[in-house]
Amino acid sequence: VSLYDINKDRIQNIQKKGGIQLTGKLNGFGKLSCITTNIQEAIQNANIVMVTTTANAHKIVANDIADLIEEEQIIVLNPGRTCGALIFRQTLIEKKINKKYYLGEAQTLVYACRLIESGHVNIIGIKDKVLLCALPASDTAYVIEKIHSLFPCFTECKNVLVTSLENYGAVFHPSVV
């Protein structure tokens, strides 16, 4: 497992520790093989690229990895938020990426968690069911098959409009603001 962040200050402590301490629903130390601010180093030779960022960063990440995507790589937006997969795919089309890759969008995050301090995360809960769809939807079964052993909570749904529009965060977060 590799971890990438654009901000060196955010990962400096994780680099020193060599991974992330988990407490709560999961307890233990998650050793990471690569902790970097170099996105190429992080995704090179990766079978699965899990993009866990805010919705407004999907286009930026798509631009950043477009030329680095490898044949048959699986990219999962976790979460995709509201139409993340559509934005990500359109960005790759605009960049003229013609490689065969698989793009999935999760409805929400798998873990409810809070940062205690850099390199230490409290896992409050693990979701039993998280909707996931690929774009195109015909790739969904393949994506779920490949990531099921890591994330058994992912459940196939009809299309990315379901993962996008049934995203609770799209309703909850604006109401708080």
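The values are calculated or read from the model by the stated rules, or taken from the named source; none is laboratory data. None of the values given here were measured: they were computed from a predicted structure. In this analysis, Cβ positions are derived from the backbone assuming ideal geometry, glycine residues included, and neighbour counts consider all displayed protein chains. These area figures cover heavy atoms from the full protein model, side chains too; ligands, DNA and RNA do not enter into them. Shrake-Rupley method; radii C 1.70, N 1.55, O 1.52, S 1.80 Å.
Which pairs turn up if I take residues in segment 89-104 that are over 20 Å from Tyr142 (Cα atoms) and look for partners that are among the polar types (S, T, N, Q) with beta carbon separation below 8 Å, at least 6 apart in sequence or on another chain?
Thr91/Asn63; Lys95/Asn63
Among the candidates Tyr101, Tyr111, which residue alone is of a type outside the set (Val, Ile, Thr), open to solvent by 50 Å² or more (accessible area, probe 1.4 Å) and within 17 Å of the chain's Cα centre (by Cα)?
Tyr111
Could you list all residues from segment 134-147 that are open to solvent by less than 90 Å² (accessible area, probe 1.4 Å) and closer than 12 Å to Ile48 by Cα?
Passing the criteria: Val143, Ile144, Ile147.
Do we find that Val160 is touching a residue at least 12 places away in the same chain (Cβ under 8 Å), open to solvent by less than 30 Å² (accessible area, probe 1.4 Å) and over 26 Å from Val1 (Cα atoms) in this structure?
Spelling it out, Val160 is indeed touching a residue at least 12 places away in the same chain (Cβ under 8 Å), open to solvent by less than 30 Å² (accessible area, probe 1.4 Å) and over 26 Å from Val1 (Cα atoms).
Which of the numbered conditions does Gln21 fail, given that it passes all the others? Conditions: (1) in contact with a His (Cβ under 7 Å, 6 or more places away or on another chain); (2) in a helix (DSSP H, G or I).
Gln21 satisfies every listed condition except (2).
Of all the residues that make up segment 84-139, how many are in a loop (DSSP other than H, G, I, E, B), over 17 Å from Asn63 (Cβ atoms) and not charged (D, E, K, R)?
8
State all residues of segment 18-61 that are small (Gly, Ala, Ser) and either surrounded by 15 or more Cβ atoms within 10 Å (Cβ to Cβ) or under 23 Å from Glu94 (Cβ atoms) (or both); if no residue qualifies, say none.
Hits for segment 18-61 are Gly19, Gly24, Gly30, Ala42, Ala46, Ala55, Ala57.
Going by the conditions given, is Glu94 open to solvent by 70 Å² or more (accessible area, probe 1.4 Å), at negative phi, among the acidic types (Asp, Glu) and modelled with pLDDT of 95 or more?
Considered against the rule, which asks whether it is open to solvent by 70 Å² or more (accessible area, probe 1.4 Å), at negative phi, among the acidic types (Asp, Glu) and modelled with pLDDT of 95 or more, Glu94 comes out as yes.
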